[in-house]
Structures are given as C-alpha cells and as structure tokens.
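A.B. asks: Have a look at this one.
The values are calculated or read from the model by the stated rules, or taken from the named source; none is laboratory data. In this text, all values refer to a predicted model and were calculated from it rather than measured experimentally. Neighbour counts are summed over all protein chains in view; Cβ atoms, including those assigned to glycine, are modelled from backbone coordinates with ideal geometry. To get the accessible areas, we keep the full protein, side chains included, count just its heavy atoms, and leave off ligands, DNA and RNA. Shrake-Rupley method; radii C 1.70, N 1.55, O 1.52, S 1.80 Å.
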Amino acid sequence: DLELHAARGSIRFVAQEIDATAARARWQSDRMEIVARTLSTVAERSTTLVGILETRATRVIEKAKVAYRDVEDLAQTRAGRIRQIAETTWQVIGKRTLIKAEEDVKIRGEKIHLA
C-alpha cells in the first residue's frame, strides 16, 4: 500500500519499498537528513566536496589496498594510545623529526644505526 499526502509546498509518502532507476538523478535541497538503521552505498567512484566534514562514531574501520592522504598544513591525531604495525618497513621522512617523551624512550633492534 502507498500512502501519499500532498499539501501546500510539501509531499509526504509512506511505502514498504521504493525502487527507482534512472540514467541520471539529481536532488537539490537546502537541508537533507537521512535516518536509517543500515546504510549501504556502492559506487565505482565517489567524490565529496564539503567545507567541514565531521564524523562521530563509536568505532571507525577503514580497509584499503592502498591509501594516500595529502594534507597541506597540519595533520594531527589526538589519542590515548597510538599503535602502528608495519609488516615490513616503517618510514618517517622529514626535514626535522622530534621524538619527545616525559618518561622512557625505548629502541630495540638487531642493529641500530645512528648517523
């Protein structure tokens, strides 16, 4: 069953399922809100252009074959703990590198080269 309500300047409809197919679709709105228990998107390529992007989540899981992130000015991570795991090589390259600790700094390796 389809429930359709039309009033001055607004349309409201309720249905069990909505399925739409189009060669091209466009939706323009001053404000849009999507509420769903599960949201899935599939795209060959996705581009997002926003002024500010804010994500709030209990857990964020990112999986990629290759990931690149370019930041023009500052990239900052604030965390209680940070753990990075590399199966082969971990490289830090910069004009200056600073490691600062209030307590201990430990370096363990079969060979340690200081130049």
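A.B. asks: Given a Förster distance of 30 angstrom, what is the FRET efficiency for Ala115 paired with Gln84, based on the Cβ-Cβ distance and rounded to 0.05?
C.D. replies: 0.80
A.B. asks: Could you please state how large a percent of the accessible area of the chain is carbon and sulfur, counting protein chains only and using a 1.4 Å probe?
C.D. replies: For the chain, the apolar C and S fraction of the accessible surface comes to 47 percent.
A.B. asks: Something else about it: With every protein chain kept in place and ligands, DNA and RNA left out, what is the accessible area per residue of the chain? Probe 1.4 Å, answer in Å².
C.D. replies: That works out to 131 Å² for each residue.
A.B. asks: Along the Cα-to-Cβ line of Ala20, 7 Å from the Cα, sits a label point; which residues in the stretch 34-50 have backbone N less than 17 Å from it?
C.D. replies: The answer is 34-36, 40-42.
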